[in-house]
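Derivation of every value follows stated rules applied to the coordinates shown; laboratory data play no part. Note that the structure is predicted; figures quoted are calculated from it, not measured. FYI the Cβ positions are ideal-geometry reconstructions off the backbone, even for glycines, and counts take in every protein chain you see.
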Amino acid sequence: MTQQAPIDVYSWPTPNGHKIHIMLEECRLPYVAHPVNIGRGDQFEPAFLKISPNNKIPAITDPAGPDGKPISLFESGAILVYLAGKTGKLMPTGDRARYDVLQWLMFQMGGVGPMLGQAHHFRMYAPEKLPYAIDRYSNEAKRLYGVIDKQLSANKFIAGKTYSIADIAIFPWLRSWENQGITLTEYPHLKAWFDGIAARPAVQRGVKVLADLRKPLTSEKERDILFGKTQYQKR
């Protein structure tokens with residue numbers, strides 16, 4: 001049996017990066033993780049922009065794409081759908097159950113990620129403490145946690161009875177709940193689910209990928225690259 005060539009993963013140990021690391025571990029796909037140090041500005045390098053034109057991690061290149069030829073993908077949600085399709089794992093085959101998973105994946109992409117990211121930013125990284133912004137995004141974080149908690153009060157997993165890419169997409173964003181102004185015990189159904197996902201061996205392996213490379217944000221140059229004018233230069 002021919003050994004499958006590894007998937008190249010261009011990533012960094014952030015929630016969006018960890019989604020893909022966890023998925024690859026869950027699917028037991030061979031891969032090589034290439035660090036894209038977003039504090040150093042690696043995401044703006046021309047070679048990376050060729051596969052991720054939005055200069056965001058993660059991105060992948062699979063040498064064995066759908067037609068047997070290499071394929072590159074960016075956007076973590078699209079990558080999760082692709083890997084589920086490639087392996088036949090973590091995505092239901094029935095239309096109704098599949099759409100349940102996809103709607104909760106879109107909930108993460110359109111709500112959980114952007115809003116919790118803003119809460120984290122204004123609470124932890126903004127150079128000026130802006131009460132309006134902190135209150136707005138902290139309250140939205142609490143609302144989103146409440147939505148998830150209610151969903152999990154009637155379901156074992158995010159999209160129903162089965163563990164799926166919806167769980168993989170949401171879990172990494174909740175790991176920094178304290179920095180988002182959340183008290184996890186106030187969401188008992190979510191906490192039980194969170195603890196169960198965190199105990200999965202593939203998840204534990206996934207969140208360790210590249211984790212030793214990430215350092216606290218300290219310099220003004222790093223802040224400028226991540227949040228300042230460097231981010232908005234035309235390329």
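Taking square-rooted eigenvalues a ≥ b ≥ c of the alpha carbon gyration tensor, is the stretch 1-51 rounded, prolate or oblate, where a/c under 1.5 means rounded and, failing that, a/b exceeding b/c means prolate?
oblate
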Between beta-carbons, use under 13 Å as the cut-off and find the net charge around residue 8, counting Lys and Arg +1, Asp and Glu -1. 0
Structure shown: which of 19/208; 129/234; 129/215; 19/191 lie over 21 Å apart, alpha-carbon to alpha-carbon? 129/234; 129/215
Expected sort for 167-178, 15-26 on mean C-beta neighbours within 10 Å, highest first, is 15-26, 167-178
Residues of the stretch 203-235 with backbone N under 12 Å of the label point set 7 Å from the Cα of residue 133 along Cα→Cβ are 227-228
At 4 °C and 1.567 mPa s, grab the translational diffusion coefficient of the stretch 101-210 from Stokes-Einstein with a Kirkwood Rh over Cα pairs, rounded to a whole number in µm² per second. 90 µm²/s
Could you tell me the distance between the Cα centroids of the stretch 199-235 and the stretch 62-141, to the nearest Å? 16 Å
Along the positive direction of the dipole of the stretch 37-156 (beta-carbon charges: Lys, Arg +1; Asp, Glu -1; about the Cα centre), which of 125, 58, 138 reaches farthest? 138
Please say if the chain is rounded, prolate or oblate, where rounded means a/c under 1.5 for a ≥ b ≥ c the square roots of the C-alpha gyration tensor eigenvalues, and otherwise the choice is prolate for a/b larger than b/c and oblate otherwise? oblate
Is it possible to state the helix-based mean residue ellipticity at 222 nm for the chain, with each DSSP H run of 4+ residues giving -39500 (n - 2.57), the sum divided by total residues, to the nearest 500 deg cm²/dmol? What is it? -14000 deg cm²/dmol
Taking the Cα centre of the stretch 114-235 as origin, sum charge times position over the Cβ atoms of Lys and Arg (+1) and Asp and Glu (-1), and report the length of that vector in debye to the nearest 20. 340 debye
Added length on full extension, which subtracts the Cα-Cα distance from 0.36 nm per residue, residue 175 to residue 202: 8.1 nm
Could you sort the peptides 88-101, 131-144 by per-residue average Cβ neighbour count (10 Å cutoff), highest mean leading? 131-144, 88-101
With charges set only on the Cβ (+1 for Lys and Arg, -1 for Asp and Glu), what does the dipole of the stretch 29-171 come to about its Cα centre, in debye to the nearest 20? 280 debye
Mind ranking 210-222, 33-45 by how tightly packed they are, going by the mean number of other C-beta atoms within 10 angstrom, highest first? 33-45, 210-222
